[in-house]
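The values are calculated or read from the model by the stated rules, or taken from the named source; none is laboratory data. Since we're looking at a predicted model, the values are computed, not measured. Note that we place each Cβ from the backbone using ideal geometry, even for glycine, and neighbour counts take in every protein chain shown. Quick note on the areas: whole protein, heavy atoms, side chains included, nothing else; ligands and nucleic acids left out. Shrake-Rupley method; radii C 1.70, N 1.55, O 1.52, S 1.80 Å.
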Amino acid sequence: MLAALVLAALAGFVDAYAFVRLGGFFVSFMSGNTTQGAAALGTGDWNTARIALTLVMAFVAGVMLAAIVARAVTARAMAAVMALATLLLGAGAVSTLLSPAMVLPLLAGAMGAINGVFTRDGEVTIGITYFTGNLVRMGQSLAAALMGEGGGWVALRYLLLWLAFVGGAMGGATAEHAIGDQALWYAALASGWMTLLLARPAPARAA
């Protein structure tokens, strides 16, 4: 659970950085980009539509790459997927200096990949970046708890994930305001640290 909270905070950090720094687009919230892109198409704002829908495609590409990596490296799938996200975040940080137009797609790809860290049988078990679904599950679990059917701890888990994302987003906005594009390097370093933690061998059980 701790790893999921850290990744949710990382996703919030990167999403807020991108939103503030790069013109009001999301790199982890694809529902927002879909609405923004569709509205832009409806009003003839072709540039906004192009950017928003490109981000959706980049996010999906990141999800696909993570799924391929996880299938290819089954022994350390979580660490391998996290390494992919770190590589994309690092490339995004470099792109702020060399190719600004590539920053948003690379970050969207990284956020898509990060959702592949927690999977079982090819299905995502913990959504790291799409919080509408998590809030729906939290509400359903709270309703179950109020009806005496249990679910309080499940609701708490989703609440903690949401709070981690909110905290990360606040940090990302603050870092962007204070240090600009350098904030991305901190995100890449945090992602690399998580990669190393997930790559550690599981502790041996006592006989």
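Details
- Computed label-point distance, nm, for sites His177 and Arg200 using a 7 Å Cα→Cβ extension: 3.5
- Its residue count N fixes a reference of 2.2 N^0.38 Å for the chain, and the Cα radius of gyration divided by that reference is 1.05.
- Protection proxy ranking, peptides 61-69, 110-118, 152-160, 85-93, average beta carbon neighbours within 10 Å, highest first: 110-118, 85-93, 61-69, 152-160
- Helical content of the chain, expressed as a calculated mean residue ellipticity at 222 nm, amounts to -26000 deg cm²/dmol (DSSP H runs of 4 or more residues, -39,500 (n - 2.57) each, divided by residue number, nearest 500).
- Euclidean distance of C-alpha centroids, the range 39-83 and the range 143-187, integer Å: 21
- Relative contact order (%) - criterion: Cα under 8 Å, at least six apart; region: the chain: 33
- Karplus-derived 3J(HN,Hα), 6.51/-1.76/1.60, for each residue of the range 186-191, Hz, glycine and proline x: 5, 5, 5, 5, 4, 5
- Using θ = phi - 60° in the Karplus curve 6.51 cos²θ - 1.76 cosθ + 1.60, the 3J(HN,Hα) couplings for the range 55-64 round to 5, 4, 5, 5, 4, 4, 4, x, 4, 4 Hz; x is entered for Gly and Pro.
- Under the shape rule built on the C-alpha gyration tensor, where the axes satisfy a ≥ b ≥ c, the range 56-168 is prolate, since a/c reaches at least 1.5 and a/b is greater than b/c.
- Environment charge at Ala187 (Cβ cut-off 13 Å; Lys +1, Arg +1, Asp -1, Glu -1): -2
- Of the residues Ala143, Ala72, Ala187, the one whose Cα sits farthest towards the positive end of the charge dipole of the chain is Ala72 (charges of +1 on Lys and Arg Cβ, -1 on Asp and Glu Cβ, taken about the Cα centre).
- What the Cα convex hull of the range 1-57 gives, in volume per residue, is 65 Å³.
- Cα-centred dipole magnitude for the chain, charges only on beta-carbon of K, R (+1) and D, E (-1), debye, nearest 20: 460
- Phi to ³J(HN,Hα) by Karplus 6.51 cos²θ - 1.76 cosθ + 1.60 over the range 88-94, Hz, x for Gly, Pro: 5, 5, x, 5, x, 5, 5
- Convex hull volume of the range 72-114 per residue (C-alpha atoms, cubic angstrom): 55
- Across the range 1-24, the residues whose backbone nitrogen lies under 17 Å from the label position 7 Å along the beta-carbon direction of Trp162 are 5, 8-9, 12.
- Peptides 42-55, 175-188, ordered by how many other C-beta atoms sit within 10 Å of their residues on average, highest first, read 175-188, 42-55.
- Rounded accessible area per residue of the chain, 1.4 Å, Å²: 53
- Modelled FRET efficiency - R0 25 Å, Ile68 with Val94, Cβ distances, 0.05 increments: 0.60
- Cα coordinate range in the range 1-107, projected on the principal axes (Å, largest first): 49, 27, 27
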